[in-house]
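Structure, as structure tokens:
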Amino acid sequence: LTMADLIENYPGLPEGIAGFSLIEKLKKQAKNFGLEFYSAKVDNVKLEDRESNIWQIKAGERVLRSFSIILAVGAHPRKLGIKGEDEFSGKGVSYCAVCDGALFKGKDIVVAGGGNSAVSEALYLSRFAGKVILVHRRNRLRAVSLLAERAKNNQKIEFAWDSVITEIIGKDTVREVSLENTRDKSQSRLACSGVFISIGYVPNTGFLGDLIKLDDYGCIITDQEMQTSKTGIFACGDCRAKSLRQVVTAASDGAIAAFSASEYIDRLKGQSYGTE
Ligand code: NAP
């Protein structure tokens, strides 16, 4: 969310809000309700013992014990996996326009991808760049029509349709990219100073091993109550297998997961108001 320049489709905020500001507000609100924050990488999650309902989460210096866990681990940007991508990362290659866009004032920038992220990034970058060339492997955008129209009407944005980047080339910093046409396989080169890669996200679920059921993309499978394949473990947001990934759907998932976890704990303690 911190990478989002402007969130325009969160209900109740007609002027839109910067991702970073929304995060700060959400944190403040949660703290006011008594949420405790502890920052550490989770090493593993396991049941205390076979008969137990208690999960152990080993994270940093602490082993946390809990009846229930809500996984809200999100996702990280997918890489193109091409020559030069790692070599020029931070030297022209970026995955976040909000973080790095201002470094490219007046320069030509290539954006890879055709979804909502790529088009939003291209629009944001057009404020700084001399020119933005959006390279997409098809001849039409996946992004919603509102964003697609904005990009098409933006004088600074050009499109390289039916094209993929095959190599990022430079010396110290990025100087150009190699393109391949996906239809006739013809090759070309495009001079640029920056390459912003926005080709989707990979869920941060690797650390879970085979603890819970994941789909073929590594997203956590839940039911509509956000219950995963392991009793007591719930999941929400972009790490979950679902069709619409937006801030509002993540917030909605979170509300359901919190309610479900609370119900589950009440049931364990025999305090449930349910029908059993
Ligand atoms: P996305 O919707 O999955 O789109 C990824 C784009 O990258 C697609 O156009 C895809 O091409 C292309 N692509 C994937 N792998 C590629 C590769 N190896 N080489 C070249 N191109 C490749 O991902 P996203 O745009 O990052 O969005 C992620 C999620 O966040 C989506 O659910 C999106 O709706 C949501 N999101 C929402 C908003 C909003 O609500 N305003 C803003 C940003 C993101 P194809 O089209 O050919 O598959």
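Throughout, read-outs are computed from the coordinates displayed, never taken from laboratory work. A quick note: this is a predicted structure, and the numbers were derived from the prediction, not measured. Don't worry about glycine lacking a Cβ; one is built from the backbone with ideal geometry, like all the others, and counts go over all protein chains shown.
Structure notes:
- Of residues in the range 76-86 being among the charged types (D, E, K, R) and in contact (Cβ under 8 Å) with a residue 40 or more places away in the chain, the one nearest to the ligand (Cβ to nearest atom): Arg78
- Inter-residue pairs, beta-carbon under 6 Å, first at positive phi and in the range 141-166, second more than 11 Å from the ligand (Cβ to nearest atom) and not aliphatic (A, V, I, L, M), 6+ apart: Asp162/Asn181; Asp162/Arg183
- Meets criteria (closer than 27 Å to Gly218 by Cβ and charged (D, E, K, R)) for Glu87: yes
- Hits in the range 255-265 - residues which are surrounded by 14 or more Cβ atoms within 10 Å (Cβ to Cβ) and either without any contact (Cβ under 8 Å) to a residue 60 or more places away in the chain or closer than 16 Å to Trp55 by Cα (or both): Ile256, Ser260, Ala261, Glu263, Tyr264, Ile265
- Residues that are within 7 Å of the ligand (Cβ to nearest atom), outside any helix (DSSP H, G or I) and crowded, with 23+ Cβ neighbours inside 10 Å, drawn from the range 113-140: Gly113, Gly114, His136
- Residue count for the range 220-250, restricted to those that are within 16 Å of the ligand (Cβ to nearest atom) and either exposed (fewer than 15 other Cβ atoms within 10 Å of the Cβ) or of a type in the set (D, E, K, R) (or both): 8
- If you filter the range 141-161 down to residues that are within 14 Å of the ligand (Cβ to nearest atom) and assigned to a strand (DSSP E or B), you find that the one that is surrounded by the fewest Cβ atoms within 10 Å (Cβ to Cβ) is Phe159.
- Output for the range 1-20, where each listed residue is surrounded by fewer than 11 Cβ atoms within 10 Å (Cβ to Cβ) and free of Cβ contacts under 8 Å to residues at least 40 places away in the same chain: Gly12, Pro14, Glu15
- Of the listed requirements (1) within 23 Å of Ile265 (Cβ to Cβ); (2) away from the ligand (no atom under 16 Å from the Cβ), Val73 misses just one: (2).
- Among residues of the range 177-200 that are away from the ligand (no atom under 13 Å from the Cβ), those with a beta-carbon under 7 Å from a residue that is of a type in the set (Lys, Arg) and part of a loop (DSSP other than H, G, I, E, B) at least six positions away or on a different chain give the pairs Ser193/Lys107; Gly194/Lys107.
- Every listed requirement among (1) buried (at least 18 other Cβ atoms within 10 Å of the Cβ); (2) assigned to a helix (DSSP H, G or I); (3) within 11 Å of the ligand (Cβ to nearest atom) is met by Ile165 save one, (2).
- In this structure, Thr173 does not satisfy being of a type outside the set (Gly, Ala, Ser), away from the ligand (no atom under 12 Å from the Cβ), in contact (Cβ under 8 Å) with a residue 40 or more places away in the chain and in contact with a helix residue (DSSP H, G or I) (Cβ under 9 Å, 6 or more places away or on another chain).
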